[in-house]
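Data block below; observations after.
The values are calculated or read from the model by the stated rules, or taken from the named source; none is laboratory data. Everything numeric here is computed off the predicted structure, so don't read it as measured data. Positions of Cβ are backbone-derived with ideal geometry, glycine not excepted, and every protein chain shown enters the neighbour counts. Note: accessible area is taken over every heavy atom of the protein model, side chains too, but ligands, DNA and RNA are not part of it. Shrake-Rupley method; radii C 1.70, N 1.55, O 1.52, S 1.80 Å.
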Amino acid sequence: MTQDPDPQDALAAIGEARTALGRRLVYPLGSRLLHATLMAGLVGVFAAPGTLAFPLAAVVAVGAIVVARRDQARLGWRLGPERSRGAVAVGLGLGLAMMALITLAMSPRLFDGPAWAGPLAVVLAWGMAFAAGEAWMRAWRRDLARSAV
């Protein structure tokens with residue numbers, strides 16, 4: 001190299017590369033649907049009879065981990081919360097919502113609640129998990145673009 005690059009040009013190139021990476025990252029629809037279904041299943045298993053709920057929840061949770069690892073290996077990248085405060089907020093919000101929905105799913109067994117509470121919790125969990133996946137991607141892309149500056 002005959003001359004040193006200007007630091008401002010180097011930073012601008014890094015910023016452009018990060019912004020371009022954020023636009024290129026596309027999480028397949030099939031994987032997003034599968035993750036939403038697994039999260040809904042995790043809520044739904046708590047509507048099962050008492051002794052089956054926790055073993056079924058463990059199976060569904062392991063399934064979610066296996067699918068996430070498979071996608072990470074297949075896609076070559078992972079959307080982690082290391083540098084994305086927005087993604088962490090989305091994840092925490094989804095976790096709290098899932099705990100509330102698990103309580104709703106268990107209400108027919110524990111509190112003599114209505115029979116429709118369990119299926120309603122599953123449908124709500126699926127919708128929330130799918131929407132949270134979309135919000136996670138947006139937050140991650142936005143924070144990646146912000147860190148490029």
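Using a Gaussian network model of the chain whose springs link C-alpha atoms within less than 10 Å, name the residue from Leu120, Leu11, Leu38 with the highest mean-square fluctuation. Comparing Leu120, Leu11, Leu38 in the GNM, the peak value goes to Leu11. Within the chain, the longest run free of exposed loop sites, counting trypsin sites (Lys or Arg not before Pro) that sit outside DSSP helix and strand states (H, G, I, E, B) and have at most 14 other Cβ atoms within 10 Å, spans 1-77. Residue order by solvent-accessible surface for Asp6, Asp71 is Asp6, Asp71, largest first, with ligands and nucleic acids left out and a 1.4 Å probe. Once each of the chymotrypsin sites (Phe, Trp or Tyr not before Pro) sitting in a DSSP loop with at most 13 other beta-carbon atoms within 10 Å is removed, the chain keeps 1-76 as its longest stretch.
Structure remark: mean-square fluctuation, Gaussian network model of the chain, C-alpha springs under 10 Å; the largest value among Ala58, Ala40, Ala131 belongs to Ala58. Here the sum of -39500 (n - 2.57) over DSSP H runs of 4 or more residues, divided by the residues of the chain, equals -27500 deg cm²/dmol at 222 nm, to the nearest 500.
Of Ala64, Ala121, Ala13, which is the most mobile in a GNM of the chain whose springs link Cα atoms less than 10 angstrom apart? Of Ala64, Ala121, Ala13, the Gaussian network model singles out Ala13 as fluctuating most. Would you mind classifying the chain by shape? Square roots of the alpha carbon gyration tensor eigenvalues, ordered a ≥ b ≥ c; an a/c under 1.5 is rounded, otherwise it is prolate if a/b is larger than b/c and oblate if not. Prolate. Over the chain, accessible surface divided per residue gives 63 Å², non-protein components excluded, 1.4 Å probe.
Tell me, what % of the accessible area of the chain is carbon and sulfur with a 1.4 angstrom probe?
68
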